[in-house]
Amino acid sequence: MKQFLLNMQSLLGLCILASFTMIACNSYGKKLSFGKNEVYYKGDATEADAQKLGSYLKEGDKYFDEHTAFAVQVERHGSVYTTRLVVDNTKIKSASDIEEKRYEFIPEELSKNVFNGLPVTVEITDNHFRPLKSFRNRS
């Protein structure tokens with residue numbers, strides 16, 4: 001009986017470890033905080049990329065402000081950056097609810113001011129970073 005309990009404890013420990021590993025592997029990436037706001041970075045994006053993006057979005061309350069918690073994710077593959085902006089799920093139910101004029105300039109602005117002229121895709125997402133609509137710069 002003691003051996004059975006020891007085996008069960010070991011198995012439980014392995015299951016807990018596996019759960020934490022799975023959660024870490026499915027994460028949104030590493031996180032930087034800017035007050036209430038967060039920038040996650042993954043893929044080839046660096047902490048410096050995330051820092052520059054977060055600082056830019058906080059500057060003049062472009063996207064980040066002190067009153068509302070926003071999350072952004074930046075990912076880089078090769079020379080292409082993808083920036084995901086979370087929108088309020090209660091206001092946007094589908095891609096057709098997204099006002100294009102409000103977001104279409106953002107990839108060009110981020111390319112020029114944050115990512116050194118490299119190609120940028122901006123995805124408007126739900127709160128799990130699932131894309132609702134994408135916008136690309138012309139580079």
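The values are calculated or read from the model by the stated rules, or taken from the named source; none is laboratory data. Bear in mind that the values here come from a model prediction, so they are computed numbers and not experimental data. Don't worry about glycine lacking a Cβ; one is built from the backbone with ideal geometry, like all the others, and counts go over all protein chains shown.
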Worksheet item: Any idea how many residues of the range 30-44 are in contact with a helix residue (DSSP H, G or I) (Cβ under 8 Å, 6 or more places away or on another chain) and surrounded by 16 or more Cβ atoms within 10 Å (Cβ to Cβ)?
Response: 6
Practice prompt. Considering only the range 119-139, state which residues are surrounded by 16 or more Cβ atoms within 10 Å (Cβ to Cβ) and part of a loop (DSSP other than H, G, I, E, B).
Written response: PRO119, PHE129, ASN137
Response to the item:
Subset of the range 104-117, residues more than 17 Å from LYS58 (Cα to Cα) and in a helix (DSSP H, G or I), comes to GLU108
Worksheet item: Does ILE106 count as modelled with pLDDT under 95, under 19 Å from LYS42 (Cβ atoms) and buried (at least 18 other Cβ atoms within 10 Å of the Cβ)?
Response: no
Worksheet item: How about the range 38-84: which of its residues are modelled with pLDDT of 90 or more and either part of a loop (DSSP other than H, G, I, E, B) or of a type in the set (Ser, Thr, Tyr) (or both)?
Response: TYR40, TYR41, ASP44, ALA45, THR46, SER55, TYR56, GLY78, SER79, TYR81, THR82, THR83
